[in-house]
Amino acid sequence: MPGVQLVAPLLFLHLHLLLDGSIPCPRLGAAQPGSACGERGGGVGVVRNRPGRGAPKRGGHRPDALGAAPGGTGTGTRHLPGEAGPARSSGTPARAARRSSISSIVVSPPLPSPPPPPPAPEAAGGAERGGAVQRGMAALPAGLFAVYKPAGVAWSRVREAVETRLLRELNAAPGRPPRQHVRFLPAPAGGDGGVTGLVATRVPVLADHPLVRGPRFRQLKIGAGHRLDVKASGVFVLGIGHGNKLLTDLYNCHLTKVYTVGGLFGKATDDFSDTGKLVEKTTFDHITREKLERILAVIQGTNHKALLMHSNIDMKTQEAYELAVKGLIRPMGKSPPIITAIRCLQFTLPEFQLEIHCLHETQQYLRKVIHEIGLELKSSAVCTQVRRIRDGVFTLDDALLRTQWNLQSVQKAIWDCQLKVKTELERTLGHQGGPRCRQLSAGYGGNGHQPSLQHNTAATR
């Protein structure tokens, strides 16, 4: 720019003359030798007096800071810092032109004030329907629910499938908008080619961008209740968030589980199932339903004695009577598998189907029961099906099918089972007392949730 090339040598020459003392430093007030000059009215710059040279006398005419000839309007009046001084004569027209060119270079256009921040979103408060939290965003469910586990699939694969489906829907839901911060960006150049300035504007924080941050939920804390082996099917209870603690409470309740078990007379295998290695074949024409039910009565009576023995309750006390009325006589600790009830549902030789109510069982134990029934009837039998139809308070009606493993169905299932889970826990653990029992009514259905933690499987037998 020609104006800048012309003015720059003049500024350096004027500064040299000030330091050499040829031009006295303009001052608005008295100062000690060697100290900084007082601020000028316009505040162009600060120049120090050289040692040994006195300050100029007050009053009279003073030369301009840019070398203006005497005759300006300077007086001896003292001004405070930042206060505009008296007007000065602009000197010759050439100096006035140079000043205007300098001002046009130094002064930048004023920056517009930043726009007000957007209103804060409504704070999430309270628990949502079904124990879900985070109102206005992806709701994370928390509680207990049941799914239907098909045969031929491991229980861990079922839990992983549920977790994957929930994570996909949670991350697909709209989340909070990215944060905004203020940045000073160059203003667009005008058509006249003027000098561009900086404009304060709000831009989103790149750290909150989905491509930088990644998925919002990476892992869910899903715990598994009483497990089922690969060959078994039926009700499988899962817990999310604080539901993992409720899984432990349900385990301590030692609730009864109900199975439908299918059998086939006439052959025996190494693992008591119809898919195992064939060991022997036998006849079964002599077996009748009456003989089968007689064997089932013997099995139930034997297990009833074991139930009373492992309950550690004196049957001659009032406590035993009250527990029997409530149906709470059962082992409240570790014990061998106990069958509390067994009956025949279907009998068409060589096939039959039983309904078994039991505690602390495994699916392999139920297959062995079918094998022993065949031996008692002077024949052999294998198990064709093990299906859990009830796990504590959860039934087949509460279990979600494969097509229902989505966020909305899980939230609804948690809400539907919330009341009966709370009632069963208070009824079973109520006679034991303790601080945990007193926390059930206040602790269930809370808004605690833990997204993106490791799996925590409840201890099950």
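The values are calculated or read from the model by the stated rules, or taken from the named source; none is laboratory data. Since the structure is predicted, the reported quantities are computational estimates derived from the model, not experimental observations. A quick note on method: Cβ atoms are made from the backbone with ideal geometry, for glycine too, and the neighbour counts reach across all protein chains shown. These accessible areas exclude ligands, DNA and RNA; they are computed on the full protein's heavy atoms, side chains included. Shrake-Rupley method; radii C 1.70, N 1.55, O 1.52, S 1.80 Å.
Arrange the peptides 306-318, 223-235, 326-338 so that the one whose residues have, on average, the most other Cβ atoms within 10 Å appears first.
Working: 306-318: 12.9, 223-235: 21.4, 326-338: 15.7.
Final packing ranking: 223-235, 326-338, 306-318.
Name all residues of segment 141-180 having a backbone nitrogen under 13 Å from the label point set 7 Å from the Cα of A207 along its Cα→Cβ direction, giving them as ranges.
Label zone hits: 179-180.
Please give the contour-minus-distance gain from R179 to K281: 0.36 nm per residue of separation, less the Cα-Cα distance, rounded to one decimal in nm.
29.4 nm
Order the following by accessible area, largest value first: H254, H286. Probe radius 1.4 Å; ligands, DNA and RNA are ignored. Each step should come with its number before you reach the end.
Values: H254 20, H286 70 Å².
Greatest to least solvent exposure: H286, H254.
At what distance in nm do the modelled label points of K378 and E169 sit from each other, each positioned 7 Å from its Cα along Cα→Cβ?
The answer from the label model is 5.8 nm.
When you take every Cα atom in segment 378-423, what is the radius of gyration, and what is Dmax, the widest Cα pair distance, in Å?
Looking at segment 378-423, its Cα Rg and Dmax stand at 15.8, 53 Å.
Go through 408-416, 243-251, 172-180 and give me the packing order, highest mean Cβ count within 10 Å leading.
Numbers: 408-416: 18.8, 243-251: 21.7, 172-180: 12.6.
Packing proxy ranking, top to bottom: 243-251, 408-416, 172-180.
Suppose R0 equals 22 Å; then what is the FRET efficiency for R427 and R343 from their Cβ-Cβ distance, rounded to the nearest 0.05? Numbers along the way, then the final one.
Details: r = 25 Å, r/R0 = 1.15.
Working from the Cβ atoms, E equals 0.30.
Could you order F265, F284 so the one with the most accessible surface comes first? Probe is 1.4 Å. Display every interim value, and only then the final one.
On the way: F265 5, F284 55 Å².
These residues rank, largest area first, as F284, F265.
How many lysine pairs are close in segment 308-404, with Cα atoms under 23 Å apart and the two 8 or more places apart or on different chains? Provide the component values of the computation, followed by the final result.
Numbers: K316/K326; K326/K334; K334/K368; K368/K378.
Summing the qualifying lysine pairs gives 4.
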